[in-house]
Amino acid sequence: MNFLRRRPSLPAALKPRLGPDERVVAWCLVSDDRAVVATNHGLWLPGVAAPLGWHDIHKAAWSGRELRITPAEVAEERDGYTVLVDGPVLTFLLLAPGELPDQVRTRVTKSVAYTTHHPLASGSGGVRVVGRRIPGRDGLTWAVRYDSGTPVELSAVVELTDQLVSTAQGTMAPPD
């Protein structure tokens, strides 16, 4: 075990424009002139204009060769939370992944402070309530993601979702 061995630095030409308190934690080339870069704030992906915050990633899967990222897209803003849907899956072939897959998994998982799934009483679908941490911001950001086939337009479903989110926010609120 050589603890003095340094990992190679990200080539300057591939380094994204980072925020003042943002730093690179892992990276991997996907071609000679493109890289996937993980920072303490999120994931910079080739072909994607802005980085994905760790809280903006619904799913991250590693096959041993491919990293598949499913970003969250905003479907609707509601009072106190956001309704999210899966965005198009982004796939990257990583031939020398190093620490990148582990960093992605760890950071996406750590961004989740609260998650619970609620099947609807009608038996048609369900909703997942999620409270996530955002680096550099106090408190949690709340979102819901409906199961496929859930009648999200019904007022009863919206009211139940409001109640579920409110209850979750109450359980995670700091004591006075």
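The values are calculated or read from the model by the stated rules, or taken from the named source; none is laboratory data. Note that the coordinates shown come from a computational prediction; the quantities given were computed from them, not determined experimentally. A quick note on method: Cβ atoms are made from the backbone with ideal geometry, for glycine too, and the neighbour counts reach across all protein chains shown.
A count restricted to the range 134-162 and to residues that are of a type in the set (F, W, Y) and over 16 Å from G80 (Cβ atoms) stands at 1.
Which residue out of V74, V36, V25 is aliphatic (A, V, I, L, M) and under 28 Å from Q163 (Cβ atoms)?
V74
May I ask you to list the residues in the range 154-176 that are assigned to a loop (DSSP other than H, G, I, E, B) and either at pLDDT 90 or above or touching a Phe, Trp or Tyr at 6+ places or on another chain (Cβ under 7 Å) (or both)? Scanning the range 154-176 gives a single hit, L154. Listed by first and then second residue, the pairs with beta-carbon distance under 6 Å, at least 6 apart or on different chains, first residue in the range 4-23 and within 19 Å of L45 (Cα to Cα) and of a type in the set (A, V, I, L, M, F, W, C), second surrounded by 10 or more Cβ atoms within 10 Å (Cβ to Cβ) and at pLDDT 85 or above, are L10/V24; L10/W27; L14/A35. Looking at G47, G98, just one residue is surrounded by 13 or more Cβ atoms within 10 Å (Cβ to Cβ) and either at pLDDT below 95 or out of contact with any Phe, Trp or Tyr (no Cβ under 8 Å at 6 or more places or on another chain) (or both), and that residue is G98. For first residues located in the range 131-144 and within 15 Å of E77 (Cα to Cα) and in contact (Cβ under 8 Å) with a residue 24 or more places away in the chain, partners that are among the aliphatic types (A, V, I, L, M) and assigned to a loop (DSSP other than H, G, I, E, B) and lie 6+ apart or on another chain with Cβ distances below 9 Å form the pairs T141/I134. When the range 55-68 is examined, which residues are found to be surrounded by 18 or more Cβ atoms within 10 Å (Cβ to Cβ) and part of a strand (DSSP E or B)? Correct list: I57, H58, A60, L67. With respect to (1) touching a helix residue (DSSP H, G or I) at 6+ places or on another chain (Cβ under 9 Å); (2) surrounded by fewer than 12 Cβ atoms within 10 Å (Cβ to Cβ); (3) not aliphatic (A, V, I, L, M), the lone exception for S9 is condition (1).
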